[in-house]
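Here is the structure we will look at, set down as structure tokens.
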Amino acid sequence: GAGVSQSPSNKVTEKGKDVELRCDPISGHTALYWYRQRLGQGLEFLIYFQGNSAPDKSGLPSDRFSAERTGESVSTLTIQRTQQEDSAVYLCASSFGTGVNNQPQHFGDGTRLSIL
Amino acid sequence: DQQVKQNSPSLSVQEGRISILNCDYTNSMFDYFLWYKKYPAEGPTFLISISSIKDKNEDGRFTVFLNKSAKHLSLHIVPSQPGDSAVYFCAAKYRGYQKVTFGIGTKLQVIP
């Protein structure tokens, strides 16, 4: 497909379990972002990858959250020891990011994570 | 600290009328602004953008206005259509930095 793909689309898990969310960006997009949207709130920036540069992790809410990206391909967001406040829709976006050009982000449909 | 603010959580407009969605920002370093539209259970889709060197950008039924001195921008949709019913997010970034800051969104309902 041509768009950003995220999996799973829905995930229900018990408090304390680890979860891994996956994002396949649009081919050729060097920039990849993870956001979180809690119920009734806006998009909260989590982390940003740009090519082979060190990621901007300034939005990660705690050390239970981590993300990886290999080159300009797939990214995974991992949440360890999940808590109920982690329940949210996790959105991934990608763009042609060059640091100076203003390129709009293309979003996936998100993973709806529910912690019981 | 909400750097991009959308103070109206919802807006209802009659079909055919103008919809005006407002956004305020606090960071004077922002120099590029975007609007995204989001339907339920889907990711946001890019709608229109504006650079700080302009005060207006138009694309079909959608026009974005930027007032830098007031740190305010607005999205005008005219004429509004029922298919425009969605949540609209205002977003901002600054030169050389790809991180985008989003507002909390405004839910627009266009009534047929």
Residues located in region A:8-21, provided they are open to solvent by 50 Å² or more (accessible area, probe 1.4 Å) and within 14 Å of chain B (Cβ to nearest Cβ): A:9, A:10
Meets criteria (surrounded by 17 or more Cβ atoms within 10 Å (Cβ to Cβ), free of Cβ contacts under 8 Å to residues at least 12 places away in the same chain and out of contact with any His (no Cβ under 8 Å at 6 or more places or on another chain)) for residue A:24: no
Scan (1) of a type in the set (Ser, Thr, Tyr); (2) surrounded by fewer than 20 Cβ atoms within 10 Å (Cβ to Cβ); (3) in contact (Cβ under 8 Å) with a residue 60 or more places away in the chain for the single condition residue B:88 breaks and write down its number. (2)
Subset of region A:46-91 that is among the hydroxyl-bearing types (Ser, Thr, Tyr) and assigned to a strand (DSSP E or B) - its residue that is most open to solvent (accessible area, probe 1.4 Å): A:66
State whether the residues of region B:96-109 include one that is under 27 Å from residue A:30 (Cα atoms), hydroxyl-bearing (Ser, Thr, Tyr) and within 11 Å of chain A (Cβ to nearest Cβ). yes
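Out of everything in region B:39-65 that is part of a loop (DSSP other than H, G, I, E, B) and of a type outside the set (D, E, K, R), what residue ends up being nearest to the other protein chains (Cβ to nearest Cβ)?
Among them, the one singled out is B:43.
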For residue B:36, work out the one condition from (1) without any contact (Cβ under 8 Å) to a residue 40 or more places away in the chain; (2) outside any loop (DSSP other than H, G, I, E, B); (3) facing chain A (nearest Cβ under 10 Å) it doesn't fulfil. (1)
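For (1) touching a Ser or Thr at 6+ places or on another chain (Cβ under 6 Å); (2) free of Cβ contacts under 8 Å to residues at least 40 places away in the same chain; (3) open to solvent by less than 30 Å² (accessible area, probe 1.4 Å); (4) not hydrophobic (A, V, I, L, M, F, W, C), each residue gets a yes or a no:
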residue: B:4; (1), (2), (3), (4): yes, no, yes, no
residue: B:10; (1), (2), (3), (4): no, no, no, yes
residue: B:30; (1), (2), (3), (4): no, no, yes, no
residue: B:45; (1), (2), (3), (4): no, yes, no, yes
residue: B:54; (1), (2), (3), (4): no, yes, no, yes
Here are B:104, B:111: which of them is surrounded by 15 or more Cβ atoms within 10 Å (Cβ to Cβ), among the hydrophobic types (A, V, I, L, M, F, W, C) and touching a residue at least 12 places away in the same chain (Cβ under 8 Å)? B:104
Among the residues of region B:79-95 satisfying the criterion of being within 14 Å of residue B:11 (Cα to Cα) and assigned to a helix (DSSP H, G or I), which is nearest to the other protein chains (Cβ to nearest Cβ)? B:84
Can you report the number of residues in region A:27-42 which are crowded, with 18+ Cβ neighbours inside 10 Å, without any contact (Cβ under 8 Å) to a residue 60 or more places away in the chain and assigned to a loop (DSSP other than H, G, I, E, B)? 1
If residue B:73 passes every condition in (1) surrounded by 13 or more Cβ atoms within 10 Å (Cβ to Cβ); (2) within 14 Å of chain A (Cβ to nearest Cβ); (3) within 22 Å of residue A:103 (Cα to Cα) but one, which one does it miss? (2)
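The values are calculated or read from the model by the stated rules, or taken from the named source; none is laboratory data. Computed from a prediction, not measured in an experiment: that's the story for all the values here. A quick note on method: Cβ atoms are made from the backbone with ideal geometry, for glycine too, and the neighbour counts reach across all protein chains shown. For the accessible areas, the whole protein counts, side chains as well, though only heavy atoms, and no ligand, DNA or RNA atoms are used. Shrake-Rupley method; radii C 1.70, N 1.55, O 1.52, S 1.80 Å.
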